[in-house]
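A short worksheet on the structure shown next.
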Amino acid sequence: MITSKLPNVGITIFTQMSQLAAQTGALNLSQGFPDFDAPRALCDAVGRHISNGHNQYSPMTGLPVLRQQVAAKIARSYGVQVDVDTEVTVTPGATEAIFCAIQAVIHSGDEVIVFDPAYDSYEPSVELAGGRCVHVQLGLNDFSIDFDKLAQALSPRTRMIILNSPHNPSGALISRAELDQLAALIRDRDIYVISDEVYEHLVYDGVPHVSVLAHEELYQRAFVVSSFGKTYHVTGWKTGYVVAPPALTAELRKVHQYVNFCGVTPLQYALADFMAEHPEHVEELPGFYQAKRDLFCDLLAPSRFSFTRVSGTYFQLVDYSQIRPDLNDVEMALWMTREHGVASIPISVFYQTPPEGQRLIRLCFAKREETLREAAEKLCVI
């Protein structure tokens, strides 16, 4: 008989909704991936490096040339210098980076604070390390941190706090003032921070992303995680990176080398080439996705959904209270997929205890214009 180490975990909602979309022929606005191509120069570079024989193991820490490009991007974006050898590690996806960071410092009985709604990979990773998640609910309207609740949740066993900004699923952003408040709250405590910043370049309306990398005090205890997949429209490449102070990086690498050892070599070479040749890509990304957000929201304006335009990520939350208040969000997502041909993600799956009466679903707008127009047309007749 098998005694599961994750008895409460099944197939993720993302897999379920994508499978249902495929079965029903629905437009898939559930799982967060683009339906348009990555930059041609980036894709061409992969073939070039495969042909040039770059097909063997890369260094465990990632190709030096890619780590150098990451450090250069961080310097341009946040005015911070990081050491490419002792602070930057390339990983096979941001999820692996988060997993390894948790395994590196969480021991049996430790507590990890997560903010609900929280991305679904956090808690299983904590449980596999022998820890326990303590859930603190974000504000119902603006998804901001309630620092009174956070202070009450801290205990002598608290060993880590996981931040996520821009926040999936809400799109909310953390401010510098909030990071200062967090730093003051944990200043005299032995608490680490994971800052999940995979959507760092998907921020809108001229508001800058506030990174833990640029917060000198918090960075000294932090693992900052990002994603090439989200930034360069290549989610299927499963390539990310984590930046941390040397002592934390050393502990993370001890785990990483036994989980996956290294990332995919030709993809790393291709990314390094593209980042060096096209630094403007990152600068243009907010405008690129803001145009998609605005188009989608403009198209949804005549619908019976209510919403506030998101500040970050490529997800738009919509409230369906005026349409089918009799359905919870899981039921609504299934009904919309089967009856109206648009797949979404219910927000309750991101909570330990979903708020009573919340009627929110998440729609991905990282899609071609024709996909967004077709989806909006379907949604406006519900």
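The values are calculated or read from the model by the stated rules, or taken from the named source; none is laboratory data. Everything numeric here is computed off the predicted structure, so don't read it as measured data. Neighbour counts run over all protein chains shown; Cβ positions are idealised from the backbone, glycine included.
Search segment 82-103 for residues that are under 13 Å from V198 (Cα atoms) and pair each with any residue that is of a type in the set (S, T, Y) when their beta-carbon atoms are under 6 Å apart and the residues are at least 6 apart or on different chains. Correct list of pairs: A94/S227; T95/S121; A97/T91. Of all residues in segment 253-271, those that are assigned to a loop (DSSP other than H, G, I, E, B) have Cβ atoms under 7 Å from Cβ atoms of residues that are at pLDDT 95 or above and of a type in the set (A, V, I, L, M, F, W, C), 6 or more apart or on another chain, in F261/M60; C262/M60; G263/V90. Going through segment 124-167 one residue at a time, which ones are polar (S, T, N, Q), under 22 Å from the mean Cα position of the chain (by Cα) and within 19 Å of A222 (Cα to Cα)? Those that are polar (S, T, N, Q), under 22 Å from the mean Cα position of the chain (by Cα) and within 19 Å of A222 (Cα to Cα): S125, N164, S165. Answer yes if at least one residue in segment 218-225 is assigned to a helix (DSSP H, G or I) and of a type outside the set (D, E), and no otherwise. For segment 218-225, residues assigned to a helix (DSSP H, G or I) and of a type outside the set (D, E): present.
The residues of segment 285-322 that are among the charged types (D, E, K, R) and touching a helix residue (DSSP H, G or I) at 6+ places or on another chain (Cβ under 8 Å), listed by number, are K292, R309.
The condition of being surrounded by 22 or more Cβ atoms within 10 Å (Cβ to Cβ) and assigned by TED's automatic domain parsing to the domain that holds V243 holds for only one of T89, T158, that being T89. Restricting A75, A104 to residues that are touching an Asp or Glu at 6+ places or on another chain (Cβ under 8 Å) and in a helix (DSSP H, G or I) narrows the list to A104. Taken together, T265, T249, T231, T235 contain a single residue that is within 15 Å of S58 (Cα to Cα) and among the hydroxyl-bearing types (S, T, Y), which is T265.
Looking for whichever is hydroxyl-bearing (S, T, Y), surrounded by 18 or more Cβ atoms within 10 Å (Cβ to Cβ) and either over 16 Å from the mean Cα position of the chain (by Cα) or at pLDDT below 95 (or both) here; the options are Y192, Y199, Y241. Which one fits? On inspection, the qualifying residue turns out to be Y192. Among the residues of segment 50-67, write down those that are part of a helix (DSSP H, G or I) and either of a type in the set (F, W, Y) or within 18 Å of Y241 (Cβ to Cβ) (or both). Hits for segment 50-67 are P64, V65, L66, R67. As a summary of the residue check, A38 satisfies the conditions (1) part of a loop (DSSP other than H, G, I, E, B); (2) in contact with a strand residue (DSSP E or B) (Cβ under 6 Å, 6 or more places away or on another chain); (3) not assigned by TED's automatic domain parsing to the domain that holds P124 except for the one numbered (2). Can you confirm whether segment 170-184 contains a residue that is part of a loop (DSSP other than H, G, I, E, B), free of Cβ contacts under 8 Å to residues at least 12 places away in the same chain and either surrounded by 22 or more Cβ atoms within 10 Å (Cβ to Cβ) or assigned by TED's automatic domain parsing to the domain that holds P245 (or both)? No, segment 170-184 contains no residue that is part of a loop (DSSP other than H, G, I, E, B), free of Cβ contacts under 8 Å to residues at least 12 places away in the same chain and either surrounded by 22 or more Cβ atoms within 10 Å (Cβ to Cβ) or assigned by TED's automatic domain parsing to the domain that holds P245 (or both).
Within segment 352-366, restricting attention to residues that are modelled with pLDDT of 95 or more and out of contact with any Leu (no Cβ under 7 Å at 6 or more places or on another chain), the residue that is surrounded by the fewest Cβ atoms within 10 Å (Cβ to Cβ) is T353.
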